[in-house]
Every structure is written in C-alpha cells, then in structure tokens.
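The values are calculated or read from the model by the stated rules, or taken from the named source; none is laboratory data. Predicted model only: the values in this text are computed from it and were never measured. Virtual Cβ from ideal backbone geometry, glycine too; neighbours counted across all protein chains shown.
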Amino acid sequence: MSDSAQNLSGVVPPLVTPLTTEYDVDTASLARLVAHQLAGGVRGVFVLGTSGEGTFLTDEQRQTVLETVVSEVSGQVPVLAGAIDTSTARAGAHVAAALKAGVDAVVATAPFYAATHPAEIERHYTRLASVAGETPMFAYDIPSRISGTKLPSALMIDLGRRGVLAGVKDSSGQETSLRRLVLDRAAAGLEGFAIMTGSEVTVDSALNFGVDGVVPGLGNVDPAGYVRIFDAVAAGDLAAARREQDRLFRLFEIVEVADRARMGHSSGALGAFKAALFLLGVIASPLTAYPSIPLDDDEIRRIGSLLERAGLR
C-alpha cells in the first residue's frame, strides 16, 4: 500500500485518454500528458474516470492506459484507477485488472443503470474492498452519471471508519453536501479519511473549509494553476488563491465553446480539454471516443483564444 495514496491530498487530475485517428490509445501522447502533470507539481494522477472515458474503452484499451501510466509515473506520485461499471462483479474485474497493472489506489462509483438502495451500495463497496485488499479504495460520488444516486454522508463515514473506504471524490457539484461531509468527518474523528472535490471552479473555497485536495478535469490543461491554488491556501494566502481560481474560472469557459445543439455536455467538455491539450502540443489529436462528437476547427480555434487569454500560449 502506498502511504501517499492512503493519505491523499493536493492536486490529482483525472487524465484524459488520448486517441489516435484509428481510435486506439495513443501511448506516446499519454506519456507526454503524464510528463505535463508531473512538471506541474501534481500529487497524483487518476486514470479511467469520467475525463478518461473509461466506460467507453475496451478492456484491452483500459489495460493499455493502466500499464502506460504506471510505467511513465514510475512511482513518483500515486496512480489511481477508476472502477466504474454497472455491477459489482464488473467493477470488481476492473479493480483486479488495475491491481495487476500496479496502481496505488482505486476509485469506484456505486453501480448504475439499476437504481440502488444505500444497503446495496454498502454491499457493493464492501465486496470491492475484499478484491482490493490492502490497496486503498475511494468512493466516487457523481450522481449525475450514476442514475441520480447521491452517496449518503453517513454511509461514507461509516465505511471509512470500518476501513472499507480511504476517502471520497465528490463530483456531485453540491457544495453544501461536501461541507457536511467535512463536518461529519470531524465529528467522527476520522482524520485519515480523504475528501477530494471534483469541482474546477470552487477549489479555493473548498480547500479553505477543509477538503484535502482537488481532482479537476481542467487540471489536464493547467495542472500548475491548481497546484498554485493548493499551495496558496496551505500558506494562508487566500487572496493569491482567489486570484488563481478566478483565472482558472475564466479558463473553464472552454467547456462552453462547443455547440450544444449538435453534441452533449460531456462531449463538449471533454472535447475542450483534449482540444486545449492538442493546441498546447501535449497530445497529437483532440479526438474523443465514440459515440462522442468531436469539436470542429472553429471551436478548436476559439479554445485557442481562451488559452491565450489565460496566459498558456
């Protein structure tokens, strides 16, 4: 078990999965993306999550991503891997594959498609923990993607107390529930239970009220910016943290560039991250996995203008 994975904190971007024009995993671009993150000062990387299009990839492609990132990171920071699927059995297979590749921690959602009761979510995480063994497991709270299921704070704290969970990645977008989780952790005396926000735009305030770190999709593009927020809050310089957050808030406008009349929100956001990385020379193609619709040349050009405004080009 990696102690830094068990006590997770700081900036842990959820890496996109670069694809070739034949829709294979572009391992050379993925290696450059890992180098981009490490140069930015991140405390870990998360693969095969929502930004990583993990649910769109074949098992073979997933394994290529796992093995490539573990090799490129080479122990410098923890590697977290998503175990996101419709059933406990399928998620358990993802956990086993991730462990085989040598990851430091796994991140699992509740089952989805079929609605689940909290008692069934508890059974799900307990069974996955038995597969993970000594490898830390984090819950992934993202109700917008998991049949509307919000992970109850009381259940998360109980699973943390029992050693089933090492923490939670909260991408619910519900700041009140995130703050409640922080308060419930303190009340339970569960200091080692990591709470990470998935929000790109409220990181400074979330860190200030007690979350341990951030897992920002926009961190693919500008990991160093989020590291500066984290470091500024840690140093007590809230004004500097706010200035950097304001800059990244404006940069996050790249996710609104795509024409939503012709593609979904996820395609527009993920396409924007990939387009930005393409323009920065980190990845060779901005292609997204099927069935996502890629951004067109005009949308990519507009993203370039926003990168310039943010001082990244």
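For the reader, a short list of remarks on this structure follows.
- Output for the range 33-55, where each listed residue is crowded, with 19+ Cβ neighbours inside 10 Å and over 14 Å from residue 223 (Cα atoms): 47, 48, 49, 50, 51, 52, 53, 54
- Tabulated pairs, the range 191-210, first within 12 Å of residue 169 (Cβ to Cβ) and in contact (Cβ under 8 Å) with a residue 24 or more places away in the chain, second assigned to a strand (DSSP E or B) and of a type in the set (A, V, I, L, M), C-beta under 6 angstrom, 6+ apart or interchain: 195/168; 197/214
- Residue in the range 128-149 that is at pLDDT 95 or above, hydroxyl-bearing (Ser, Thr, Tyr), closer than 22 Å to residue 190 by Cα and not in a strand (DSSP E or B) present: yes
- Test result for residue 125, touching a Lys or Arg at 6+ places or on another chain (Cβ under 6 Å) and either part of a helix (DSSP H, G or I) or touching a residue at least 40 places away in the same chain (Cβ under 8 Å) (or both): no
- Taken together, the residues in the range 97-126 that are closer than 24 Å to residue 161 by Cα and of a type outside the set (Val, Ile, Thr) amount to 14.
- Residue check, residue 31 within 25 Å of residue 130 (Cβ to Cβ) and modelled with pLDDT of 95 or more: no
- Failed condition for residue 270, given (1) buried (at least 21 other Cβ atoms within 10 Å of the Cβ); (2) without any contact (Cβ under 8 Å) to a residue 60 or more places away in the chain; (3) over 16 Å from residue 225 (Cβ atoms); (4) not β-branched (Val, Ile, Thr): (2)
- For residue 159, the requirement of being surrounded by 22 or more Cβ atoms within 10 Å (Cβ to Cβ) and under 12 Å from residue 122 (Cα atoms) is met.
- Selection over the range 89-124 of residues that are crowded, with 23+ Cβ neighbours inside 10 Å and either over 19 Å from the mean Cα position of the chain (by Cα) or among the hydroxyl-bearing types (Ser, Thr, Tyr) (or both) gives a count of 1.
- Matching option when the condition is at pLDDT 95 or above, touching an Asp or Glu at 6+ places or on another chain (Cβ under 9 Å) and in a loop (DSSP other than H, G, I, E, B), among 168, 164: 164
- When the criteria are applied in full, residue 77 fails the requirement of being surrounded by 15 or more Cβ atoms within 10 Å (Cβ to Cβ), β-branched (Val, Ile, Thr) and not in a loop (DSSP other than H, G, I, E, B).
- All told, residue 60 falls short of being without any contact (Cβ under 8 Å) to a residue 12 or more places away in the chain, surrounded by fewer than 20 Cβ atoms within 10 Å (Cβ to Cβ) and outside any helix (DSSP H, G or I).
- Tabulated pairs, the range 65-85, first within 18 Å of residue 138 (Cβ to Cβ), second acidic (Asp, Glu), C-beta under 6 angstrom, 6+ apart or interchain: 78/104; 79/104
- The range 273-302, subset without any contact (Cβ under 8 Å) to a residue 40 or more places away in the chain and part of a helix (DSSP H, G or I), residue surrounded by the fewest Cβ atoms within 10 Å (Cβ to Cβ): 297
- Selection status of residue 110, within 25 Å of residue 195 (Cα to Cα) and out of contact with any strand residue (DSSP E or B) (no Cβ under 7 Å at 6 or more places or on another chain): yes
- When each of 237, 259, 222 is tested for being surrounded by fewer than 20 Cβ atoms within 10 Å (Cβ to Cβ), at pLDDT 95 or above and either of a type in the set (S, T, N, Q) or at negative phi (or both), the lone residue that passes is 237.
- Hits in the range 1-28 - residues which are surrounded by fewer than 24 Cβ atoms within 10 Å (Cβ to Cβ), of a type in the set (A, V, I, L, M) and at pLDDT 95 or above: 25, 28
- Residues satisfying the stated conditions in the range 166-181, i.e. of a type in the set (A, V, I, L, M, F, W, C) and over 17 Å from the mean Cα position of the chain (by Cα): 181
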